Amino acid sequence: MKDLTLVVIGKKNEIKEDTNIEFIYTTGENFKSIVKIARGKYVVFIREEDKLSKDYLRIILEKIKTEFDCCFINYIIEYDYKRDVSLSINEPELANNKPHYGDYYWSYIFNKNKLQEIIEIENSVEFNKKVDEIFTNTTAIGTLIYYHNPKGKRLVKDIQFSDVKRNEYYKNLIYMGGGCAGIFNGYVSWIKNIGKCFGKQYDITILYDCIDKTVLEYFKKYFKCIKREESINYYTDRLLVTYATYYYPKNIITLDQSYMFIHGNMADYENTRVFHDDLYTHYVAVSKISAKKAKGYFPTDNIEYIVNPFKLDKDLVKPHITLTSAFKYSTVKRPDRVEAIASIFDELDIPYTWNVFTDQRENTNHNGLIYRSRVLNPIPYIKDSDYFVLLSDSEAMPYCIMEAISVNTKVIVTPLEAYEELGIVNGKNGFIIPFNYFEEKNRKKLVSLVKKIYKEKDKSVKFKLKESLWDGYNDIFIK
């Protein structure tokens, strides 16, 4: 009996033959018949296109001096245009590796008798369970001695059956690393427009480390979005990244083309290290000047350029509404009602700017609500607004409402008697919001009214203060 049977799949490999080793050359992969005729105590497989380290046979022969059922061999996968893929976990972890159903066997040494047992039940639904029962004594060679060079589409299959991680495949993958996930980010705008231009037409997946919730919900309209996990290998035909994440994680493996988009300008380059590691098949700048300035910072001067895609999403182009409020900050003036309406604007995705002039500033998370210092003359702001808003519990006769009337700005108010005297009519020259609309049980009514307020904002209105309001004033005050 030989110590080892070395099965070479394909033409004769350059490996030198050894008297302690039986060599079997085959062009097929009928492991059942091959193993049956093998005379070695242990069996190992290689492919003609693969490379072996100079110590490959020595290390294997040394390893088979010990008794084991299955020995995992650490390896590197080498392929064009991509980074090498190697297992970087330690030897004790590697020693737990066992083949799974459908595995290729080039990353293992097997005890021949044990291998025959699993081949007999290879098509069984209980294969993995049987493997655990048969291969009770496992070990590993942690040294990199095997260099796999797969051809064509076989790469996905070869890797996924031998790596220790779970594997997932995506046709087109856009990777968003840390620092590329905020709302105010050109990279995010770029991806949004890729989605608008191509998301409905092509199968595109966003792989992200972290992302703003609002951005994520928007991306989901156009892409499949998944959070990257260290325990998964992600395979893709085409990978897109930005130069801000030049060194994308090693568990992203490109099978065909990889594109590094250069969004930077000269100021960015001057603060960026020069990249020497050539990881991509294409380096693409987003303008001619960007391509010109990028030379010298990347591993190639062959920098292509293409203008970023852009498509106007007409559904998102809504008229902007402007509002103004001015009041002394107090519970009577009910700033909480201002916050309530602002939250509805946000909820309805209505673009708005709401200037609130008051003596106290609030921290707010609303998109368009701005607390400003009080000004002596707010009338220019009121005139430029669609509405002046005052939602008090009580008012005698507020000057701010008369100021709004004087410049023909509609108002949004609560149902106070003072406004009746000024001739404010709900739905005609403004909107009167009932007090109970601000109760939680009536929120739907408030939302419906806010929609109407937005819809009616552009209708022209002319206020006119009655001169009779001032009749007799001098008899009371000025003598």
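General remarks:
- The residue that is modelled with the highest pLDDT, among those in the range 6-59 that are under 23 Å from ASN74 (Cα atoms) and part of a helix (DSSP H, G or I), is ILE59.
- Residue count for the range 229-257, restricted to those that are more than 26 Å from GLU304 (Cα to Cα) and touching a residue at least 24 places away in the same chain (Cβ under 8 Å): 5.
- Within the range 197-217, being crowded, with 18+ Cβ neighbours inside 10 Å and not in a strand (DSSP E or B) holds for GLY199, ILE211, VAL215.
- In the condition set (1) surrounded by 12 or more Cβ atoms within 10 Å (Cβ to Cβ); (2) within 23 Å of the chain's Cα centre (by Cα); (3) modelled with pLDDT of 85 or more, THR245 is compliant with all but (3).
- Of the helices (runs of 4 or more DSSP H) lying entirely inside the range 399-479, those carrying at least 2 residues that are of a type outside the set (D, E, K, R) and surrounded by 15 or more Cβ atoms within 10 Å (Cβ to Cβ) are 399-406, 417-421, 443-455.
Okay, residues lined up against (1) within 35 Å of the chain's Cα centre (by Cα); (2) in a loop (DSSP other than H, G, I, E, B); (3) modelled with pLDDT of 85 or more:
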| site | (1), (2), (3) |
| --- | --- |
| ASP80 | yes, yes, no |
| TYR101 | yes, yes, no |
| TRP106 | no, yes, no |
| ASN113 | no, no, yes |
| GLU117 | no, no, yes |
| ASN128 | yes, no, no |
| THR136 | no, yes, yes |
| ILE141 | no, no, yes |
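- If you go through the range 306-337 and keep only what is buried (at least 19 other Cβ atoms within 10 Å of the Cβ) and under 34 Å from the mean Cα position of the chain (by Cα), you end up with just ILE321.
- Number of the exception - TYR187 against (1) at negative phi; (2) at pLDDT below 85; (3) not assigned by TED's automatic domain parsing to the domain that holds THR214; (4) not hydrophobic (A, V, I, L, M, F, W, C): (3)
- Pairs where the first residue, in the range 333-349, is basic (Lys, Arg) and the second is assigned to a helix (DSSP H, G or I), C-beta under 7 Å, 6+ apart: ARG337/PHE438
- ARG228 meets the stated requirement of being of a type outside the set (Gly, Ala, Ser), at pLDDT 90 or above, touching a Pro at 6+ places or on another chain (Cβ under 9 Å) and under 18 Å from TYR170 (Cβ atoms).
- Answer from ILE262, ILE303, ILE289 - the residue that is at pLDDT below 90, of a type outside the set (Ser, Thr, Tyr) and surrounded by 14 or more Cβ atoms within 10 Å (Cβ to Cβ): ILE262
The values are calculated or read from the model by the stated rules, or taken from the named source; none is laboratory data. Not measured: the values here are computed from a predicted model. Methodologically, a virtual Cβ is constructed for each residue, glycine included, from the backbone with ideal geometry; neighbour enumeration extends over all protein chains shown.
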